[in-house]
Amino acid sequence: MITCPYCATELVEQNGNAYCDFCDISFGPESEWGMWAEDGIRVPGKQMKGFITAEHAEKSVKELVKYHTYDLLVCLRLAREERTKAYDLLKTFNKAIDQGGIEFTEDAAAQGKVYEYWTKRCWVLENILMDRMGYFPERITDDMLIKMQERSLRAQLRRMAISRERRKAKNI
Ligand SMILES: [Zn+2]
């Protein structure tokens, strides 16, 4: 049985397309909404990469908008760590300069750029998350990430099936 990935209405394939009148969407290989589903399986959603490094956090906005929200949160956490590292190093150079180490001036300027770069990377990630979730978390904990991963996997596995049997029984 082929079904709508949004509402699970049973669909009929016609000339390579399947139209859901509940959602007013036509599914198929050419459709911007993607393919229809089988037996109440949900919209596939974005794939989790599972393994994220700081390099992922440096991808372009065009790439990052394709990421799973979980992966974006891991990217943001890594970008914030990089920003903190850059800031601490910048502080160290500035302190050295204050104590007469003028030879660190160039290092401080370079480090300032690194700090600025990671600050902007954080903003990019925060704003993509804003668009997804309506907010972005101030702190990203292991606990939050584990829960999100579990919920995401569980939601994906939960098929949509209307239990007609139970409704019939109630009507009797
Ligand atoms: Zn539908």
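Readers should treat all values here as calculations from the given coordinates under stated rules, not as data from a laboratory. What you see is a predicted model, and the numbers here were worked out from it, not measured in a lab. Glycine also receives a Cβ, built like all others from the backbone with ideal geometry; neighbour counts cover every protein chain displayed.
At a glance:
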{"quantity": "When each of Lys91/Lys120; Lys59/Lys95; Lys62/Lys113 is checked by Cα-Cα distance, pairs over 25 Å", "calculated": "Lys59/Lys95"}
{"quantity": "Mean ellipticity per residue at 222 nm, deg cm²/dmol - from DSSP H runs of n ≥ 4 across the chain, formula -39500 (n - 2.57)", "calculated": "-17500 deg cm²/dmol"}
{"quantity": "Cα shape, the stretch 54-156, gyration tensor, a/c 1.5 rule", "calculated": "prolate"}
{"quantity": "Sites excluded, chymotrypsin sites (Phe, Trp or Tyr not before Pro) in DSSP loops with at most 13 other C-beta within 10 Å, longest stretch of the chain", "calculated": "52-134"}
{"quantity": "Whether the stretch 2-44 is rounded, prolate or oblate, judged on the alpha carbon gyration tensor where a/c under 1.5 counts as rounded", "calculated": "rounded"}
{"quantity": "Rounded, prolate or oblate (a/c below 1.5 giving rounded, otherwise prolate when a/b exceeds b/c) for the chain by Cα gyration tensor", "calculated": "prolate"}
{"quantity": "Residues whose placed amide H lies under 5 Å from that of Thr3, excluding near-sequence neighbours", "calculated": "Leu11, Ala37, Glu38, Asp39, Gly40"}
{"quantity": "Neighbour-count ranking [beta-carbon atoms within 10 angstrom, fewest first] of Cys20, Cys75, Cys4", "calculated": "Cys20, Cys4, Cys75"}
{"quantity": "Kyte-Doolittle at least 1.6, axis length at least 15 Å by Cα - qualifying DSSP helices, the chain", "calculated": "none"}
{"quantity": "The stretch 22-68: trypsin sites (Lys or Arg not before Pro) in DSSP coil with no more than 12 other Cβ atoms inside 10 Å", "calculated": "Lys66"}
{"quantity": "Charge dipole (debye, nearest 20) of the chain; +1 at Cβ of Lys and Arg, -1 at Cβ of Asp and Glu", "calculated": "880"}
